[in-house]
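These notes concern the structure reproduced below.
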Amino acid sequence: SIGPGLVVLIGVEENDQEADAEWLAQKTALMRIFSDSEGKMNLSVLDIQGEILAVSQFTLFAQTAIGNRPSFIRSARPEKAIPLYMKFIELLRVQHGLSVKTGEFGADMEVTIVNNGPVTITIDSKNRE
């Protein structure tokens, strides 16, 4: 359980690099998605002194175009994904001073998420929209 803050589901793609983790950590820490006193999404997780729960989620890259069983071929193998996942967490903690809790990489976990709003945002380091 975390206090006010974010649940971040992190998928690492086979072609991701350390620069992707760096960009994503910066974007996650500074994105203004929490309401200010006027109800506008104008505060970052840093501004509210919030926490982050970072959970690895290889299924984010599921390909579903063909057939009925998803393919996860775009997801990075653990030997590549774990170091990038850990780098992302380290950057949030060290560069941004955030409290970050984690799931266990590759484990079967039950994660309960309560969306406030609800607000769910997808951030892709390869498609920086």
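How much of the accessible area of the chain, probe 1.4 Å, is carbon plus sulfur, in whole percent? On the chain, the fraction of accessible area on carbon and sulfur atoms equals 49 percent. Figure note: Ile123, Ile73, Ile113 ranked by solvent-accessible area, largest first, 1.4 Å probe, ligands and nucleic acids not counted: Ile73, Ile113, Ile123. At full extension, Asn42 and Arg77 could sit 8.9 nm farther apart than now, given 0.36 nm per residue minus the alpha carbon distance.
Counting only Cα atoms, I'd like the Rg/Rh figure for segment 88-129, Kirkwood definition for Rh. When Rh is taken as the Kirkwood radius, the ratio is 1.02.
Taking 0.36 nm per residue of separation and subtracting the Cα-Cα distance, what length does fully extending Leu9 through Thr64 add?
Length difference between fully extended and current span is 17.9 nm.
With a cut-off of 14 Å between beta carbons, the residues surrounding Ala81 carry a summed charge of -3, where Lys and Arg count +1 and Asp and Glu -1.
Modelled spin labels at Asn127 and Ala107, positioned 7 Å past Cα toward Cβ, are 3.2 nm from each other. Beta-bridge orientation, the chain: approximately 30 percent antiparallel, per DSSP, counting only bridges with both partners inside. For the chain, the solvent-accessible area works out to 68 Å² per residue, with a probe of 1.4 Å and every protein chain left in place.
What's the ranking of 48-57, 30-39, 63-72, 15-24 by average number of surrounding C-beta atoms within 10 Å, highest first? The partial results should precede the final answer.
Values: 48-57: 18.5, 30-39: 12.5, 63-72: 9.4, 15-24: 15.7.
With the highest mean Cβ count within 10 Å placed first, the list reads 48-57, 15-24, 30-39, 63-72.
Between the Cα long axis of helix 78-94 and the first principal axis of the chain there is an angle of about 10°, rounded to the nearest 10.
Shown in residue order for segment 18-28 are the 3J(HN,Hα) couplings computed by the Karplus curve 6.51 cos²θ - 1.76 cosθ + 1.60 at θ = phi - 60°: 4, 4, 5, 5, 5, 4, 5, 4, 4, 4, 5 Hz (x for Gly and Pro).
The values are calculated or read from the model by the stated rules, or taken from the named source; none is laboratory data. All figures in this text were calculated on a predicted structure; none of them were measured in a lab. Here Cβ is always computed from backbone atoms with ideal geometry, including for glycine, and neighbour counts include all displayed protein chains. Heavy atoms of the whole protein, side chains included, go into the accessibility calculation; ligands, DNA and RNA do not. Shrake-Rupley method; radii C 1.70, N 1.55, O 1.52, S 1.80 Å.
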